Amino acid sequence: MKKIAKPKLPAIFTDAKDLMSLCKDEFYLNGYRFQDALISLCEIAHLHLDGCLFINVDFEECAFDQVDLLDCRFENCDLSNCKFTDGALHRLEFHHCRMMGCDFSGSVIANTSFTNNNGKYANFSNTKCKHVNFVGMDLSLSSFNQSVFTHTAFEECNLKKCEFINTPLKGIDFSTSVIDGITINIENLKGVCVSSDQAITLAKLMGLIIKE
């Protein structure tokens with residue numbers, strides 16, 4: 001894994017439940033803790049969250065276009081189908097979250113860890129990932145098309161039927177992850193690290209016939 005900066009969380013939080021009411025007059029929120037809460041039908045563009053903590057929060061049909069997330073942690077949250085499109089995400093942690101169908105397309109993601117989340121069907125297309133760790137995560141059937149990876153790691157992830165179309169993979173290590181049915185441009189395989197078994201799988205994608 002790559003060493004990444006952790007969120008700079010405040011020592012003391014202000015407890016809150018209703019994100020919409022907080023955003024009526026101010027789209028910049030700092031130092032809030034949301035715990036055991038439901039945030040439903042929340043569509044806010046240009047929201048800025050700084051130093052916020054989310055624990056056991058259910059985000060239901062939420063969209064945060066061009067969101068600015070800085071120094072935040074999400075733990076045991078349900079972010080399924082939540083949209084963070086065209087956002088700026090820096091020093092974040094997502095741990096043990098349900099993130100099926102979560103949409104990060106067009107975002108810049110830096111110094112962020114995704115650990116033990118269910119991110120099946122997630123969309124990371126057209127993202128720029130720098131110092132990002134995906135660890136123990138189910139990313140099957142997800143999309144990373146036309147993305148840029150810098151110091152990004154996938155460790156023990158499920159990448160079955162993932163798409164990496166037009167995404168350079170030089171320096172990416174897939175050796176501990178499952179990549180069955182992965183979709184990759186042949187020209188973008190240069191410099192990728194795989195296990196011997198995975199090399200056979202990728203060779204078949206290139207049209208090679210492997211004799212036993």
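Would you work out the Kirkwood radius for the chain? I mean one over the mean of 1/r across all pairs of different Cα atoms, in Å. It would help to have the intermediate numbers written out before the result.
Working: mean 1/r = 0.0567 Å⁻¹.
Here the Kirkwood hydrodynamic radius works out to 17.6 Å.
How large is ³J(HN,Hα), in whole Hz, for each residue of region 25-39 in order, when computed from phi with the Karplus curve 6.51 cos²θ - 1.76 cosθ + 1.60 and θ = phi - 60°, using x for Gly and Pro?
10, 8, 9, 10, 10, 10, x, 9, 10, 10, 9, 6, 10, 10, 10
All other residues with a Cβ under 14 Å from the Cβ of CYS72 taken together, and with Lys, Arg as +1 and Asp, Glu as -1, what is their net charge? Present the calculation step by step, with values, prior to reporting the outcome.
Values: positive: LYS6, LYS8, ARG33, ARG73, ARG91; negative: ASP50, ASP68, ASP71, GLU75, GLU93.
Here the count lands on 0.
With a 10 Å cut-off between alpha carbons and a GNM built on the chain, which of SER142, SER21, SER175 moves the most?
Comparing SER142, SER21, SER175 in the GNM, the peak value goes to SER21.
Considering the chain as a Gaussian network with a 10 Å cut-off on Cα pairs, which listed residue, CYS193, CYS157, CYS129, attains the greatest mean-square fluctuation?
Residue with maximal mean-square fluctuation among CYS193, CYS157, CYS129: CYS193.
Whole angstrom only: what separates the Cα centroid of region 63-134 from the Cα centroid of region 1-39?
15
Projecting each Cα onto the charge dipole of region 40-188 (Lys/Arg +1, Asp/Glu -1 at the beta carbon, about the Cα centre), which of ASN188, ALA122, MET100 comes out farthest on the positive side?
ASN188
Give me the number: length gained by fully extending ALA16 to GLU156, i.e. 0.36 nm times residue separation minus the C-alpha to C-alpha distance, one decimal in nm.
Details: separation 140, 0.36 × 140 = 50.40 nm, distance 3.51 nm.
Extra length available between ALA16 and GLU156 comes to 46.9 nm.
List the pairs from LYS6/LYS190; LYS6/LYS160; LYS161/LYS190; LYS6/LYS161; LYS128/LYS161 whose alpha-carbon separation is above 26 Å, in the order I gave them. Walk me through the intermediate numbers first.
Numbers: LYS6/LYS190 31 Å; LYS6/LYS160 29 Å; LYS161/LYS190 20 Å; LYS6/LYS161 30 Å; LYS128/LYS161 21 Å.
The answer is LYS6/LYS190; LYS6/LYS160; LYS6/LYS161.
Summing +1 for each Lys or Arg and -1 for each Asp or Glu, what net charge is found among the other residues whose Cβ lies under 13 Å from the Cβ of THR167? Don't skip to the answer; put the middle values down first.
On the way: positive: LYS128, LYS170, LYS190; negative: GLU163, GLU187.
That works out to +1.
Considering all alpha-carbon pairs of region 50-113, what whole percent are spaced by more than 14 angstrom?
Result for the distance tail: 55 percent.
For region 101-172, which trypsin sites (Lys or Arg not before Pro) are both in a DSSP coil and crowded by at most 12 other Cβ atoms within 10 Å? All intermediate terms of the calculation are to be shown ahead of the outcome.
Working: sites: LYS120, LYS128, LYS130, LYS160, LYS161, LYS170; in loops: LYS120, LYS160, LYS161, LYS170.
Qualifying residues, ordered by number: LYS170.
Could you work out the relative contact order of the chain, using alpha carbon pairs under 8 angstrom and six or more residues apart, expressed as a whole percent?
Working: 666 pairs, mean separation 24.8, N = 212.
Once divided by the residue count of the chain, the mean separation gives 12 percent.
When the Kirkwood radius is taken over all Cα pairs of region 1-68, what Stokes-Einstein diffusion coefficient follows at 10 °C and 1.306 mPa s, in µm²/s?
Numbers: Rh = 12.9 Å.
For these conditions, the coefficient is 123 µm²/s.
Quick one: which residues, 5+ away or cross-chain, put their amide H under 5 Å from the amide H of GLY101? H built at 1.01 Å from N.
For GLY101, the qualifying residues are ASN81, LYS120, TYR121, ALA122.
Can you give me the distance in nm between label points at ILE186 and ASN56, each placed 7 Å from the Cα along the Cα-to-Cβ direction?
5.3
Using helices alone, what [θ] at 222 nm do you get for the chain, with -39,500 (n - 2.57) per DSSP H run of 4 or more residues, divided over all residues and rounded to the nearest 500?
So the helix-based figure for the chain works out to -1500 deg cm²/dmol.
Treating the angle as unsigned and between 0 and 90°, give the value, to the nearest 10°, between the Cα long axis of helix 196-205 and the longest Cα principal axis of the chain.
Value to nearest ten degrees: 80.
Would you mind working out the magnitude of the charge dipole of region 64-192 relative to its Cα centre, with +1 at each Lys and Arg C-beta and -1 at each Asp and Glu C-beta, to the nearest 20 Debye?
On the way: 11 positive and 15 negative charges, 44 e Å.
So the magnitude is around 220 debye.
Net charge near GLY136, counting Lys/Arg +1 and Asp/Glu -1 over other residues with Cβ under 12 Å of its Cβ?
Details: positive: none; negative: ASP138, GLU155, GLU156.
Value of the local net charge: -3.
Could you grab the Rg to Rh ratio for region 111-212? Cα atoms only, Kirkwood for Rh.
My calculation puts Rg/Rh at 0.95.
Which ³J(HN,Hα) values in Hz, rounded to whole numbers, follow from the phi angles of region 129-142 under the Karplus curve 6.51 cos²θ - 1.76 cosθ + 1.60, where θ = phi - 60° and Gly and Pro get x?
10, 10, 6, 10, 10, 9, 10, x, 10, 8, 10, 4, 6, 8
Tell me, rounded to the nearest percent, the portion of alpha carbon pairs in region 85-166 spaced more than 14 Å apart.
Working: 1954 of 3321 pairs.
Tail fraction, whole percent: 59.
Taken together, the values in this text are just the output of simple stated rules run on the coordinates, not laboratory data. Remember, predicted model here, so these are calculated numbers, not experimental data. Cβ: placed from backbone, ideal geometry, glycine included. Neighbour counts: every protein chain shown.
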